[in-house]
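See below for the structure under consideration.
FYI, it's all coordinate maths here, none of it is from the lab. Since we're looking at a predicted model, the values are computed, not measured. Positions of Cβ are generated from backbone atoms using ideal geometry, with glycine treated the same way; all protein chains shown enter the neighbour counts.
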Amino acid sequence: MSAERVEVKEKVLSANDQIAAEARAQLVGHGVFSVNIISSPGSGKTTLLERTVDLLKPSLRLGVVAGDVQTRNDAERLERHGIPVQAIETGGGCHLNARQVSESLASLDLAQTDLLFIENVGNLVCPSSFDLGESLKVVLMSVTEGEDKPLKYPAAFRRASVLVITKVDLLPHLEFSTQTAIDNALSINPDLTVFSTSSYTGEGLESWTEWLTGQVSACKQGS
Amino acid sequence: MHEMSLALEILSICERELEKLPETRVTALGVEVGAFSGVDADSLQFCLEVMMSDRFDGVRCEVVREPGEAACPTCDNRFEVMQAPFECPECGGLARGLSGGQGLQLSYLEVE
């Protein structure tokens, strides 16, 4: 029997993308602005979120979906700041997928949420492939990581809308050029909005939280 | 290392396609991986071979990397890129941003 070629041309993640589209419609319908936070392990996602939550809690209704390979440690840290947190333990999985996030959304009161943070598993490769239904992706990069990280892991920087450089309080101890790091990131994605922050000293957090507040307002007006 | 879960997704798309093609046997499949998709083509090849040979005896897996395209800000030349930085082959200018090279799709099945 002769072989026959059948054109398929189906996106491999079409099943994930379908669930993400439904989650996005649900979030937008409730006027929730949502952020998918991606970085290497140890870049400071949870600490940035703790500071951000403290600054925004008086003015906005917040929620968090916190993903980790194992333990509820990050979720417990964030719960101490008095906001609703849903933990996802991936049990070995190196990224969150839309199904996991969609199931977590069912346990959150979206009608009472203005801003939802989705803290992805610490990994700069795999999470960038999976749409979770978020409004946009934020990639973190700490100043201890090397200026060429955007060139080594282009997909995460390409798909993010925002780059938050973290731990800038450590710059006096390092040979790290923030400008070179930003130039490298912009060479991958010229549309990135960039913030330089320190969760330790609070530097840069005002611009970051003002930007978030502006996005929440724009999201409410659009819904 | 999410290539194994991607290989699983590809397997389930194959199974769905086969429902439309009863009494056929898959001999080969082709996957296109964007050079900027965040998916490692070699790892995906390995995962596919492991997973597919279990289900379809003797199947051949063809994984092809698809380039992205960058535009030179100096001379307007458009050129294919497989990795950053995006240096123009004509004038050496550095392009910022790219189009394409992001996707991941099952492009074809070969059946008999």
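General remarks:
- Contour excess over end-to-end distance, with Cα ends at residue A:26 and residue A:6 and 0.36 nm allotted per residue: 3.6 nm
- Spin-label pair residue B:55-residue B:75: with each label point 7 Å from Cα along the Cα-Cβ axis, the two points sit 4.7 nm from one another.
- Scalar couplings 3J(HN,Hα) for segment A:125-136, obtained by applying the Karplus form with A = 6.51, B = -1.76, C = 1.60 to θ = phi - 60°, are 10, 5, x, 5, 7, 10, 5, 10, x, 6, 5, 7 Hz; x denotes Gly and Pro.
- D (Stokes-Einstein, µm²/s), Kirkwood Cα radius, segment A:1-47, 1.002 mPa s at 20 °C: 145 µm²/s
- All C-alpha pair distances within segment A:88-223, sorted into 10 Å bins from zero, spread as 11, 36, 37, 15, 1 percent across the bins.
- Helices that extend 20 Å or more along their long axis by alpha-carbon positions and average at least -1.0 on the Kyte-Doolittle scale are, among the DSSP H runs of chain A, A:14-29, A:205-222.
- Backbone N under 13 Å from the residue A:111 label point (7 Å along Cα→Cβ), restricted to segment A:10-44: A:30-31
- Environment charge at residue B:40 (Cβ cut-off 15 Å; Lys +1, Arg +1, Asp -1, Glu -1): -3
- Cα-based helix-to-principal-axis angle, B:41-55 vs chain B, degrees rounded to 10: 10 degrees
- Sorted largest first, extent of the protein assembly as shown alpha carbons per principal axis (Å): 70, 54, 37
- Stretch gain in nm, segment residue A:183-residue A:71, where the contour uses 0.36 nm per residue and the Cα spacing is subtracted: 36.7 nm
- By other beta-carbon atoms within 10 Å, ranking A:217, A:40, B:107 with the fewest at the front produces A:217, B:107, A:40.
- Pairwise centroid distance, computed over Cα atoms, of segment A:65-112 with segment B:1-39, Å: 30 Å
- Positive contributions from Lys and Arg (+1) and negative ones from Asp and Glu (-1), summed over other residues with Cβ under 11 Å from the Cβ of residue A:201, come out at 0.
- With Cα atoms as the point set, the radius of gyration and Dmax of segment A:35-111 evaluate to 12.2, 36 Å.
- Translational D in µm²/s for segment B:1-65 (Stokes-Einstein at 37 °C, 0.692 mPa s, Kirkwood Rh from C-alpha pairs): 271 µm²/s
- In terms of its Cα atoms, segment B:3-112 spans 56, 23, 18 Å along the principal axes, sorted from long to short.
- Think of the protein assembly as shown as having a plus end and a minus end, set by charges on the Cβ of Lys, Arg, Asp and Glu; of A:56, B:33, A:222, A:56 sits farthest toward the positive end of this dipole.
- Axis of helix B:3-19 versus longest Cα principal axis of chain B: the two differ by about 60°, to the nearest ten degrees.
- Which of A:172, A:43, A:85, positive extreme of dipole for the protein assembly as shown (C-beta unit charges): A:85
- Trypsin sites (Lys or Arg not before Pro) within segment B:1-30, DSSP loop, no more than 13 other Cβ atoms inside 10 Å: B:20
- Dipole magnitude (debye, nearest 20) for the protein assembly as shown, charges at Cβ of Lys, Arg, Asp, Glu: 800 debye
- Computed from label points 7 Å out along Cα-Cβ, the spacing between residue B:82 and residue B:99 is 2.3 nm.
- A simple spin-label model places pseudo-atoms 7 Å from Cα toward Cβ; at residue A:103 and residue A:57 they are separated by 2.9 nm.
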